[in-house]
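S.K.: The structure's right below; bear with me while I get my questions together.
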Amino acid sequence: MTVTKMSWRPQYRSSKFRNVYGKVANREHCFDGIPITKNVHDNHFCAVNARFLAIVTESAGGGSFLVIPLEQTGRIEPNYPKVCGHQGNVLDIKWNPFIDNIIASCSEDTSVRIWEVPEGGLKRNMTEALLELHGHSRRVGLVEWHPTANNVLFSAGYDYKVLIWNLDVGEPVKMIDCHSDVILCMSFNTDGSLLTTTCKDKKLRVIEPRSGRVLQEANCKNHRVNRVVFLGNMKRLLTTGVSRWNTRQIALWDQEDLSMPLIEEEIDGLSGLLFPFYDADTHMLYLAGKGDGNIRYYEISTEKPYLSYLMEFRSPAPQKGLGVMPKHGLDVTACEVFRFYKLVTLKGLIEPISMIVPRRSDSYQEDIYPMTPGTEPALTPDEWLGGINRDPVLMSLKEGYKKSSRMVFKAPIKEKKSVVVNGIDLLENVPPRTENEIP
């Protein structure tokens, strides 16, 4: 009788990211003494670029956030100046990808605001925004900059609308009105020609943003979607959510056919929201759970099995949210391929975590740093709104890139008036309050 031997050894995969590890910054390179917001809204409350770190803070009356130059690590004074013009809690903040001292914020006060941070950071509290954008009739939960067009901003409110703002004129120019509940997440493909959203109505949508047309829609009965991210140019989406047995789950989808996920994978039985982060240059996916201390990472390919588990970064301190450094702010000499800024609420601490590819050589590692989207926009707002799509303007990281953008933001002059988009005055047509909106 022949006995067939089973091999229990895991199948060996050749990958240059097999040994990526997470390295926490020394205590003196962390940001300490920060009154991180206690708001339970499922956002990161943190935004970072190559010059500044911005964190939403706890504040009595109104909403505020800190903007700290990256080199100013260590303990932050309690009276450190804040950006504090909003009348309600700040729910989301995002840096302009092309102008590194311009930041957008949105709030429970129904406004979106654009701020210009002075050279060297704030010297006193900032209450005057460059632009105040009024168009939503409920609190605004999300803001997202267009990835290739300059001065195009998307905002999603509890009025179930996504507004597209042309900041050259300071007005909303389009409205996406296909959602029947609160929008949880927005993500763009590489050239910004498609927008994908997850919504409280349990649907995943792929939308043509300029026309507002829904190209694909999935009704996620078995996989309650929370977050979604476009996987670069792979024509794939990745969602995180909850299975019918209340376990955390991820699903991979073909963006042109959302009838069924390509794969679904159970992660664990914990309850915190899973935030996905995708790095198109290395094809690595990072999963970080809200309230967890660990960050799992995977490699994604277009061939089966699609998703290969690499490793897990572990830490005992739970994360409230995570900021991500853009590629041109990374330390290429240390073979750093990703950097998180972890919010540890209990300690009032922001902790940088570098994901590093171990290499012996000190020379520039071309294979792990392909050309990457840089700080130059590919389109003007009018070109993009007129129907033109262009891929991002790429740059090399070889020179240990530290050049600041030459672009300057010019705020349009505005008078208060009604806001009309698609023939509807947004401030007059207010939807009724729903039970999903907590007063």
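The values are calculated or read from the model by the stated rules, or taken from the named source; none is laboratory data. Everything numeric in this text was worked out from a predicted model, so none of it was measured. Backbone-built Cβ (ideal geometry, glycine too); neighbour counts: all protein chains shown.
S.K.: Among the residues of the range 274-313, how many are in contact with an Asp or Glu (Cβ under 8 Å, 6 or more places away or on another chain) and hydrophobic (A, V, I, L, M, F, W, C)?
M.R.: 5
S.K.: A follow-up question, please. Enumerate the strands (runs of 3 or more DSSP E) found wholly within the range 259-301, keeping only those where 2 or more residues are of a type in the set (Phe, Trp, Tyr) and out of contact with any helix residue (DSSP H, G or I) (no Cβ under 7 Å at 6 or more places or on another chain). Walk me through how you get there before you give the answer.
M.R.: Working: elements: 263-268, 274-279, 284-289, 295-300.
By residue number, 274-279, 295-300.
S.K.: Looking at (1) buried (at least 21 other Cβ atoms within 10 Å of the Cβ); (2) at positive phi, which is the one condition that is false for residue 283?
M.R.: Result: residue 283 passes all but (1).
S.K.: Residue 121 is checked against (1) surrounded by 21 or more Cβ atoms within 10 Å (Cβ to Cβ); (2) out of contact with any Lys or Arg (no Cβ under 7 Å at 6 or more places or on another chain); (3) modelled with pLDDT under 95 and fails just one. What number does that condition carry?
M.R.: Unmet for residue 121, out of (1) surrounded by 21 or more Cβ atoms within 10 Å (Cβ to Cβ); (2) out of contact with any Lys or Arg (no Cβ under 7 Å at 6 or more places or on another chain); (3) modelled with pLDDT under 95: (1).
S.K.: Next question. Please go through the range 15-51 and give me each residue that is assigned to a strand (DSSP E or B), of a type in the set (Val, Ile, Thr) and surrounded by 20 or more Cβ atoms within 10 Å (Cβ to Cβ), ordered by number.
M.R.: We begin by selecting, within the range 15-51, every residue assigned to a strand (DSSP E or B); these are 21-24, 31-32, 36, 46-48.
Filter once more, so that each one left must be of a type in the set (Val, Ile, Thr): 24, 36, 48.
Result: 36, 48.
S.K.: Let me ask something else. Could you tell me whether residue 346 is in a strand (DSSP E or B) and surrounded by fewer than 19 Cβ atoms within 10 Å (Cβ to Cβ)?
M.R.: Working: in a strand (DSSP E or B): no; surrounded by fewer than 19 Cβ atoms within 10 Å (Cβ to Cβ): yes.
No; evaluated as a whole, the condition is false for this residue.
S.K.: Going by what's in this entry, would residue 329 be described as surrounded by fewer than 19 Cβ atoms within 10 Å (Cβ to Cβ), farther than 20 Å from residue 75 by Cα and free of Cβ contacts under 8 Å to residues at least 60 places away in the same chain? Steps first, please.
M.R.: Working: surrounded by fewer than 19 Cβ atoms within 10 Å (Cβ to Cβ): yes; farther than 20 Å from residue 75 by Cα: yes; free of Cβ contacts under 8 Å to residues at least 60 places away in the same chain: no.
No; evaluated as a whole, the condition is false for this residue.
S.K.: In the range 373-392, what residues are surrounded by 15 or more Cβ atoms within 10 Å (Cβ to Cβ), of a type outside the set (A, V, I, L, M, F, W, C) and assigned to a loop (DSSP other than H, G, I, E, B)?
M.R.: 374, 375, 376, 377, 380, 389, 390, 392 - these are the residues of the range 373-392 that are surrounded by 15 or more Cβ atoms within 10 Å (Cβ to Cβ), of a type outside the set (A, V, I, L, M, F, W, C) and assigned to a loop (DSSP other than H, G, I, E, B).
S.K.: In the range 92-130, what residues are of a type in the set (A, V, I, L, M, F, W, C) and more than 23 Å from residue 77 (Cα to Cα)?
M.R.: Initial filter on the range 92-130 (of a type in the set (A, V, I, L, M, F, W, C)): 93, 95, 98-99, 102-104, 106, 112, 114-115, 117, 122, 126, 129-130.
95, 98, 99, 102, 104, 106, 112, 114, 129, 130 - these are the residues of the range 92-130 that are of a type in the set (A, V, I, L, M, F, W, C) and more than 23 Å from residue 77 (Cα to Cα).
S.K.: Now for a different question. I'd like the full set of residues that are within 12 Å of residue 409 (Cβ to Cβ) and assigned to a loop (DSSP other than H, G, I, E, B), limited to the range 83-115.
M.R.: 96, 98, 99, 100, 101
S.K.: May I ask you to list the residues in the range 52-70 that are assigned to a loop (DSSP other than H, G, I, E, B) and either at pLDDT below 95 or among the small types (Gly, Ala, Ser) (or both)? Show your work before the answer.
M.R.: Going through the range 52-70, the residues assigned to a loop (DSSP other than H, G, I, E, B) turn out to be 58-62, 70.
Hits for the range 52-70 are 58, 59, 60, 61, 62.
S.K.: From the list 183, 164, 176, exactly one residue is in contact with a Phe, Trp or Tyr (Cβ under 9 Å, 6 or more places away or on another chain) and either without any contact (Cβ under 8 Å) to a residue 40 or more places away in the chain or polar (S, T, N, Q) (or both). Which is it?
M.R.: Details: 183 fails: either without any contact (Cβ under 8 Å) to a residue 40 or more places away in the chain or polar (S, T, N, Q) (or both); 164 fails: either without any contact (Cβ under 8 Å) to a residue 40 or more places away in the chain or polar (S, T, N, Q) (or both).
On inspection, the qualifying residue turns out to be 176.
S.K.: Another question about this same structure. Restricting the search to the range 186-221, which residues are under 27 Å from residue 374 (Cβ atoms), in contact (Cβ under 8 Å) with a residue 24 or more places away in the chain and among the charged types (D, E, K, R)?
M.R.: Taking the range 186-221 first, the residues under 27 Å from residue 374 (Cβ atoms) are 186-197, 206-210.
Narrowing further to those that are in contact (Cβ under 8 Å) with a residue 24 or more places away in the chain: 186-197, 206-207, 209-210.
Correct list: 191, 210.
S.K.: Yes or no: residue 62 at positive phi and in contact with a strand residue (DSSP E or B) (Cβ under 7 Å, 6 or more places away or on another chain)? Break it down into steps so the answer makes sense when it comes.
M.R.: Details: at positive phi: yes; in contact with a strand residue (DSSP E or B) (Cβ under 7 Å, 6 or more places away or on another chain): yes.
Yes.
S.K.: Could you please let me know if residue 316 is farther than 24 Å from residue 189 by Cα, assigned to a loop (DSSP other than H, G, I, E, B) and either among the hydrophobic types (A, V, I, L, M, F, W, C) or more than 22 Å from the chain's Cα centre (by Cα) (or both)? Quick ask: steps written out before the conclusion?
M.R.: Working: farther than 24 Å from residue 189 by Cα: yes; assigned to a loop (DSSP other than H, G, I, E, B): yes; either among the hydrophobic types (A, V, I, L, M, F, W, C) or more than 22 Å from the chain's Cα centre (by Cα) (or both): yes.
When the stated conditions are applied, residue 316 passes them.
S.K.: Let me ask something else. Among the residues of the range 154-188, write down those that are within 22 Å of residue 237 (Cβ to Cβ), assigned to a strand (DSSP E or B) and under 19 Å from the mean Cα position of the chain (by Cα).
M.R.: Matches in the range 154-188: 154, 155, 156, 162, 164, 183, 184, 185, 186, 187, 188.
S.K.: Something else now. Can you find even one residue in the range 367-390 that is under 30 Å from residue 269 (Cα atoms), small (Gly, Ala, Ser) and at pLDDT 95 or above? Before the answer, list the steps.
M.R.: So the first thing to find is which residues in the range 367-390 are under 30 Å from residue 269 (Cα atoms), and the list is none.
Looking for residues that are under 30 Å from residue 269 (Cα atoms), small (Gly, Ala, Ser) and at pLDDT 95 or above, one finds none in the range 367-390, hence no.
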